[in-house]
Amino acid sequence: MKHFPVFMSVEGRRIVLSGGGDAALAKLRLLLKTEARVTVIAPDPAPQIMRWALEGRLTLIERPVEPGDALCAVLFYAANDDDAEDARVAALARADGATVNMVDNLHGSDFITPAIVDRDPVTVAIGTEGAAPVLARRIKRDLEERLSPNLGTLARIGKGFRHAVEALPFGRARRDFWSAYYDETGPRALAEGGEEALRPALKSLLDRHLKGDATEGHVAFVGSGPGDPDLLTMKARKALDAADVVIFDRLVSPEILELARREAEMIDVGKEGFGRHTPQEHINALIVRHVADGAQVVRLKSGDPTVFGRLDEEIEAVEAEGLNWSVVPGITAASAAVASIGQSLTRRGRNQSVRFLTGHDVAGFADHDWAALARPGEVTAIYMGKKAARFIQGRLLMHGANPDTAVTVIENASRADERVLETRLFTLEPDLGNAGLSGPALVFIGLAPRRAARALSTPDLQEAL
Ligand code: SAH
């Protein structure tokens, strides 16, 4: 380690920066986050620097650096975008006793500024001793994604509560308390009730820990999206990371299940046997049992849990027992499918509304307002529509739909094996039957793939567009 990372106290102390161009601006954006007194010395400062000076955020001296300018400064930055000028001012600053950084000059610098992830008061500093700035940026990006923007708020409020937590025995008990706060209780309270909800949540968490009744079960109804793991939300990933139990459906892709915490118990409620037909009451009872046992449960549903997902029945079962739950939305199949064919669900002048229908319901093929659906320009996304295609085709034609209406069927949207069938209403069957699709598929009435929108006359099965 050639450079030793430390966090320097700069509150109320003087930092001097020489330069008024791009390098200076980049450093100033960082320095102005601190509570240091910042002075900029530049004969020709950028307008932004002048604005900061007018706002009183820094002191601006409009001339080149002179001997004595860096007296009493804790840090000095040479940021002139000019090697010779940087070397000149660095020598002057050192003579004044300052510790010097020359921007983009590792060897000329007494210290280097790390890449920073800022969740004040939590700060992560990343350094590679100049070896791999690209790597530092990647690590920063990964951490920016992983560390919730709320972490600073959690830490700030948590700090005010440290004294109360001393009621718990030193060591393990306190560590468990803080883990529960940062991983579960804090983020949840913040999401549900904002900053004001944090203190009461801390208090009731502490009460539970003092009583030795530490774990409180919870179920998150999480949308897994259409299949591509990159289409998971950050919240979904975090929930999977923290899960004790994952209860998943048939359509959740294996790559997504891989992301669950290694120790999590994985329960498949979507296969034949225990089954595709696992009765809803069994699923409800399973969720309730695990949550009541104090587990962090993820109930993973394909797409968005609020779309044809029987979500309400599960929420009601959990609520009837007075247990905790939350919903993490996901990308529904219709969104992923239109993205693949380059179309919008709504379009000015074409359709002001879009309908999501199910092809069949508990009573068989589902009935709908066919006359409304048959109007020109309407866009309809039909979920679970493969078997019902002939029925839907018949109903629409019977209610006056144009037989030439574009129909697109997208199978396995967003997955590697995605396929697109492009057809018209009057050829939907037999085309769909002939295509022999075996994966989940969405039928769009009123949309053609953008690329082929002008040449609709040859219905055929295409590979992913
Ligand atoms: N909650 C899910 C829908 C569940 S119903 C969502 O929001 O997407 C199951 C139906 O969704 C399937 O029959 C199929 O019509 C559709 N579906 C789910 N995943 C799909 C995918 N990757 N590609 C196309 N259709 C999909």
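The values are calculated or read from the model by the stated rules, or taken from the named source; none is laboratory data. Bear in mind the structure is a predicted one, so any value in this text is a computation, not a measurement. Note that each Cβ is placed from the backbone with ideal geometry, even for glycine, and that neighbours are counted across all protein chains shown. Accessible surface is based on the protein model in full, side chains and every heavy atom, while ligands, DNA and RNA are left aside. Shrake-Rupley method; radii C 1.70, N 1.55, O 1.52, S 1.80 Å.
Taking every eigenvalue of the Cα gyration tensor of the stretch 168-252, multiplying by 5 and rooting it, what semi-axes result, largest first, whole Å?
The equivalent ellipsoid of the stretch 168-252 has semi-axes of 29, 15, 11 Å.
Volume per residue, Å³, of the convex hull around the alpha-carbon atoms of the stretch 14-113?
84 Å³
Could you state how much accessible area T215 has, in square angstrom rounded to the nearest 10, with a 1.4 Å probe and all protein chains kept in place?
About 100 Å², ignoring ligands and nucleic acids.
Compute the Cα gyration tensor for the stretch 334-464, then decide on rounded, prolate or oblate, letting a ≥ b ≥ c be the square roots of its eigenvalues: rounded whenever a/c is under 1.5, prolate when a/b is larger than b/c in the other cases, and oblate in all that remain.
Taking the square roots of the gyration eigenvalues as a ≥ b ≥ c, the stretch 334-464 is rounded.
Mind giving me the nanometre distance, one decimal, between the label points for R347 and D183, set 7 Å out from Cα along Cα→Cβ?
Distance between label points: 4.9 nm.
Over the heavy atoms of H282, what accessible area does a 1.4 Å probe trace out, to the nearest 10 Å²?
Near enough 100 Å² of accessible area.
Under a 1.4 angstrom probe, counting protein chains only, how are H290, H368, H360, H163 ranked by accessible area, largest first?
So, going from the largest accessible area down, we get H163, H360, H368, H290.
Please report, in cubic angstrom per residue, the volume enclosed by the convex hull of the alpha-carbon atoms of the stretch 115-202.
106 Å³
Which residue, chosen from S353, P305, A416, occupies the Cα position most advanced towards the positive end of the dipole of the chain, where the dipole is computed from +1 (Lys, Arg) and -1 (Asp, Glu) charges on Cβ about the Cα centre?
Checking the options against the dipole of the chain, the answer is S353.
Roughly speaking, what % of Cα-Cα pairs in the stretch 151-211 are separated by over 15 Å, rounded to a whole number?
Every Cα pair in the stretch 151-211 considered, those over 15 Å come to 41 percent.
How about the stretch 232-318: which chymotrypsin sites (Phe, Trp or Tyr not before Pro) there lie in a loop by DSSP and see at most 12 other Cβ atoms within 10 Å?
Here the chymotrypsin sites (Phe, Trp or Tyr not before Pro) that fit, given the DSSP loop and packing criteria, are F274.
Give, in whole angstrom and from largest to smallest, the semi-axes √(5λ) of the equivalent ellipsoid of the chain, with λ running over the eigenvalues of the Cα gyration tensor.
Computed over the chain, the values are 56, 33, 18 Å.
Take the Cα pairs of the stretch 297-379, get the Kirkwood Rh, then feed it into Stokes-Einstein at 4 °C and 1.567 mPa s and tell me D in µm²/s.
83 µm²/s
How large is Rg over Rh for the stretch 218-331, taking Rg from the Cα atoms and Rh as the Kirkwood inverse mean of 1/r across Cα pairs?
Here the Rg-to-Rh quotient is 0.92.
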